[in-house]
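Let me begin by presenting the structure, written as structure tokens, before commenting on it.
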Amino acid sequence: MKSISLTIHEKLSHLSQEQINELCCRYEAGESNKSLIKEFEIDTYNSGLLKLLPPKITSVNCVYCTKPLWVHRSKPSSYSRDPFCPECGHKNSWTCKCDNCKEAERLEQEKRTQKVFGLLKSRFGPPKAKRFLADINNEELIYLSAFVRAADTESSFSDISFHNSSFKLSPNKYFDQEIINFLITASLISMVSIPEYYNETIESESDLDNIDLFICHYTLNVADDRLDETEIWKSLYYPQCGKISEEQLREVWKKIASHECLEYVICMVEDIGINYWYTDKHLEHIREILKNFSVSQFYCMFFSCLKTGTYNQTKNHWSGRETLHKSVVSTLKQSESAISNGWNVRKYSRNRNTTRSTISEVFFNLFLQIDQAGFYECPATFQFKNDNREIPKTDKQEEDKEFRSIKNIVEGFDDLPPFE
């Protein structure tokens with residue numbers, strides 16, 4: 001291999017090669033700059049001596065051009081410099097930003113991106129066939145309409161995101177994930193991109209479980225023989241409700257209500273400095289409570305139980321997780337006591353930090369058409385008059401108002417009853 005010649009600085013030109021070698025060896029041995037400058041009669045200041053000394057050729061070759069690396073001289077008391085390549089400028093360091101390293105990094109990033117894209121495509125990618133608009137059932141339409149409405153203003157048919165949206169898709173992030181997973185499984189949407197920082201963390205398909213689906217980009221997978229993409233978008237934004245069974249309506253209502261209760265739990269415990277710890281048990285307890293009570297009444301009972309829980313946290317040295325779990329369990333027990341004793345549980349108003357979500361507005365205003373009654377009434381027991389059968393009146397309904405069944409309202413047989 002052809003050796004690389006070192007250029008001697010002009011201020012050292014009066015020295016022989018042996019003197020330069022001696023100068024370098026004594027400098028690296030730790031002798032003072034002042035004494036070396038004086039002895040070798042070098043025209044420079046103390047801190048400028050290092051810049052005049054020729055670099056040392058190492059036995060390590062550059063990974064790109066295979067030429068020997070050079071390294072600047074250093075004293076024992078100072079930190080050693082990174083070897084560098086005089087040909088391509090590469091430094092033997094992970095912080096190197098030479099052109100070759102940048103290109104290698106770009107190729108590695110591109111390779112990783114392709115790998116991640118392949119994993120995303122297999123899990124969240126577009127299906128083989130599009131879903132026809134006429135074939136979308138009512139439950140799918142509820143979630144898809146909320147998904148479209150909650151997107152930011154710059155979203156379109158082929159690029160839907162929530163980065164700049166001021167609307168909540170659902171009451172909490174757990175329900176967000178559930179809705180998006182539901183729509184992907186139903187082949188109604190597919191993921192088109194994720195934030196770049198996820199490329200560094202995704203190594204296998206199991207890592208996809210940790211992705212926050214709410215911050216990704218999506219495209220609709222819906223087609224229609226008569227409508228173009230813009231018209232399909234409008235038909236989903238302004239959905240036309242068809243016939244829905246009362247059982248299906250109640251199931252969607254219970255799901256929304258349970259997550260509204262969970263949102264209140266999260267909001268209240270984090271307000272007192274407790275980090276929320278999610279467990280399926282909390283939702284199970286909440287669903288059981290909602291068989292007989294409304295979200296509004298859950299607010300009342302949980303507030304009371306959390307107040308007692310924080311007192312016991314101080315008195316009995318409970319942890320935050322223990323306080324949270326016992327407060328939810330106490331709410332369940334209080335609801336059971338209210339049923340057995342016939343207590344009339346108060347109805348709280350919606351908390352200012354738990355504003356209505358898009359899925360709540362879409363379902364209760366467009367599909368069920370009862371607006372705020374979805375918050376103040378029990379999803380399992382709330383009924384209207386059906387045909388000639390009389391049923392009990394709810395707290396906020398006047399005695400002379402006419403009641404109708406949910407089923408008849410949605411199917412168009414009855415008019416919407418007024419609420420205050």
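Of all residues in region 298-309, one or more are in a helix (DSSP H, G or I) and in contact with a Lys or Arg (Cβ under 6 Å, 6 or more places away or on another chain). Within region 217-245, residues that are in contact (Cβ under 8 Å) with a residue 12 or more places away in the chain and polar (S, T, N, Q) sit with their Cβ atoms under 8 Å from residues that are assigned to a strand (DSSP E or B) and buried (at least 17 other Cβ atoms within 10 Å of the Cβ), at 6+ positions apart or across chains, in these pairs: Thr219/Ile160; Thr219/Ile189; Thr219/Ser190; Thr219/Val192; Asn221/Arg131; Asn221/Ile189; Asn221/Ser190.
Residue check: Phe293 meets all listed conditions (1) outside any helix (DSSP H, G or I); (2) hydrophobic (A, V, I, L, M, F, W, C); (3) surrounded by fewer than 20 Cβ atoms within 10 Å (Cβ to Cβ); (4) more than 24 Å from the chain's Cα centre (by Cα) but one, namely (3). For region 267-284, a residue qualifies if it is of a type in the set (Val, Ile, Thr) and farther than 15 Å from Cys305 by Cβ, and exactly one does: Thr279.
Quick one: in region 234-255, of everything that is touching a helix residue (DSSP H, G or I) at 6+ places or on another chain (Cβ under 7 Å) and among the aromatic types (Phe, Trp, Tyr), which residue is nearest to Phe162 (Cα to Cα)? Checked region 234-255; the qualifying residue nearest to Phe162 (Cα to Cα) is Tyr237. Just to be sure before I move on: is Tyr27 of a type in the set (Phe, Trp, Tyr) and open to solvent by less than 80 Å² (accessible area, probe 1.4 Å) in the structure I sent? Spelling it out, Tyr27 is indeed of a type in the set (Phe, Trp, Tyr) and open to solvent by less than 80 Å² (accessible area, probe 1.4 Å).
Every condition in (1) at pLDDT 85 or above; (2) closer than 30 Å to Ile184 by Cβ is met by Leu107 except one, and the failing one is (2).
The residues on offer are Pro76, Pro86, Pro127, and the sole one that is modelled with pLDDT under 80 and either over 30 Å from Cys216 (Cβ atoms) or in a loop (DSSP other than H, G, I, E, B) (or both) is Pro76.
Name the residue that is modelled with the highest pLDDT, counting only residues in region 367-396 that are within 31 Å of the chain's Cα centre (by Cα) and in a loop (DSSP other than H, G, I, E, B). Across region 367-396, the extreme among qualifying residues is Pro379.
All of Ile244, Ile194 fail the test of being modelled with pLDDT under 90, crowded, with 20+ Cβ neighbours inside 10 Å and touching a strand residue (DSSP E or B) at 6+ places or on another chain (Cβ under 8 Å), apart from Ile194.
The values are calculated or read from the model by the stated rules, or taken from the named source; none is laboratory data. Fair warning: this is a prediction, and the values are worked out from it, not measured in the lab. Virtual Cβ from ideal backbone geometry, glycine too; neighbours counted across all protein chains shown. These area figures cover heavy atoms from the full protein model, side chains too; ligands, DNA and RNA do not enter into them. Shrake-Rupley method; radii C 1.70, N 1.55, O 1.52, S 1.80 Å.
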